[in-house]
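These notes are about the structure you will find just below.
The values are calculated or read from the model by the stated rules, or taken from the named source; none is laboratory data. Model, not experiment: these values are computed from the prediction. Positions of Cβ are backbone-derived with ideal geometry, glycine not excepted, and every protein chain shown enters the neighbour counts. All accessible areas refer to the heavy atoms of the entire protein, side chains included, with ligands and DNA or RNA removed. Shrake-Rupley method; radii C 1.70, N 1.55, O 1.52, S 1.80 Å.
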Amino acid sequence: MASRVISGCLLCAVALVFFVLLQGTQSVYIQYQGFQVQLKSVKQLNDLADQWVPSPGLQDQSPQPSVCHHPALPLDLRPICASKDAASIFQALRTIADDDCELCVNVACTGCS
């Protein structure tokens, strides 16, 4: 009987630890202009935009923002490149990400606590 109680308590403790770990791994999302992207992707966008300079010929030939041609652009950001407003959407996402999105200060952010 005592071993069943101990097993039950142990099972509850394991479930509680699992629940806490699961909560910590949830992603923060930004929703803007019909696109939903992860905050970590927008932070990667900032890094890519700051460090990558495309060839001048590529800039002249494409109406897309230069970051759309970067091979390391996160997958959830790629659909934005098909939008005619891609440049302004990327700029807005970068601004939102800089506005303490992880603290849910901005209403475009979801999944944060």
For segment 67-83, which residues satisfy the criterion of being assigned to a loop (DSSP other than H, G, I, E, B) and over 17 Å from residue 51 (Cα atoms)?
83
If you scan segment 40-57, which residues turn out to be modelled with pLDDT under 90 and open to solvent by 50 Å² or more (accessible area, probe 1.4 Å)?
43, 47, 50, 51, 52, 53, 55, 56
Can you confirm whether residue 26 is at pLDDT 85 or above and surrounded by fewer than 16 Cβ atoms within 10 Å (Cβ to Cβ)?
no
Residue satisfying all of: in segment 72-113; at pLDDT 90 or above and over 15 Å from the mean Cα position of the chain (by Cα); most open to solvent (accessible area, probe 1.4 Å) among these:
84
